[in-house]
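Below is one structure, written out as structure tokens; the observations come after it.
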Amino acid sequence: MLDATGNITLNRADTFTFALDYQDENGSPINLTNSNITLYVDKVFSLTPTAANGKLYFTFTPAHAVALQNKEYEWIIREVVNGVPDVLVSGGTISAEGFAV
């Protein structure tokens with residue numbers, strides 16, 4: 001689940017996908033198939049999205065939830081262009097539910 005504040009909650013038994021839309025100033029989808037964009041969860045995992053029709057699809061599996069366990073982490077989405085990283089999105093947290101405490 002992705003809430004309105006940018007926080008992601010994964011369930012250890014489910015797969016979860018969210019999409020980010022990218023459009024130019026005319027509202028046309030931007031081709032992102034050759035972009036170097038990755039979601040990073042500090043010292044836990046990174047996730048490379050699939051791209052189609054101006055959208056980036058980030059798919060989290062139960063294995064991602066297991067990696068988080070009962071901890072909360074910050075996440076960022078970063079793009080690398082000509083070897084220079086640039087943070088596109090930040091400020092949210094990611095956590096998992098469905099684990100015994």
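For Ala67, indicate whether it is among the hydrophobic types (A, V, I, L, M, F, W, C), surrounded by 14 or more Cβ atoms within 10 Å (Cβ to Cβ) and not in a strand (DSSP E or B). Considered against the rule, which asks whether it is among the hydrophobic types (A, V, I, L, M, F, W, C), surrounded by 14 or more Cβ atoms within 10 Å (Cβ to Cβ) and not in a strand (DSSP E or B), Ala67 comes out as yes.
Annotation: of all residues in region 21-33 being over 16 Å from Leu88 (Cα atoms) and assigned to a loop (DSSP other than H, G, I, E, B), the one that is farthest from the chain's Cα centre (by Cα) is Asn26.
Of all residues in region 47-101, those that are within 23 Å of Ser28 (Cα to Cα) and out of contact with any strand residue (DSSP E or B) (no Cβ under 6 Å at 6 or more places or on another chain) total 4.
Cβ separations smaller than 9 Å between residues 6+ apart or across chains give the following pairs from region 31-53 residues that are farther than 14 Å from Ile8 by Cβ to residues that are of a type in the set (Gly, Ala, Ser) and loosely packed, with under 14 Cβ neighbours inside 10 Å: Leu32/Ala52; Thr33/Ala52; Thr38/Ser46.
For region 38-64, residues that are of a type in the set (Val, Ile, Thr) and not in a loop (DSSP other than H, G, I, E, B) total 4.
The residues listed here are Val84, Val80, Val44; of these, the one that is among the hydrophobic types (A, V, I, L, M, F, W, C) and in contact with a helix residue (DSSP H, G or I) (Cβ under 7 Å, 6 or more places away or on another chain) is Val44.
Each value in this text was obtained by applying a stated rule to the coordinates, not by laboratory testing. In this text, all values refer to a predicted model and were calculated from it rather than measured experimentally. When we count neighbours, we look across all protein chains shown, and the Cβ atoms used for this are built from the backbone with ideal geometry, even at glycine.
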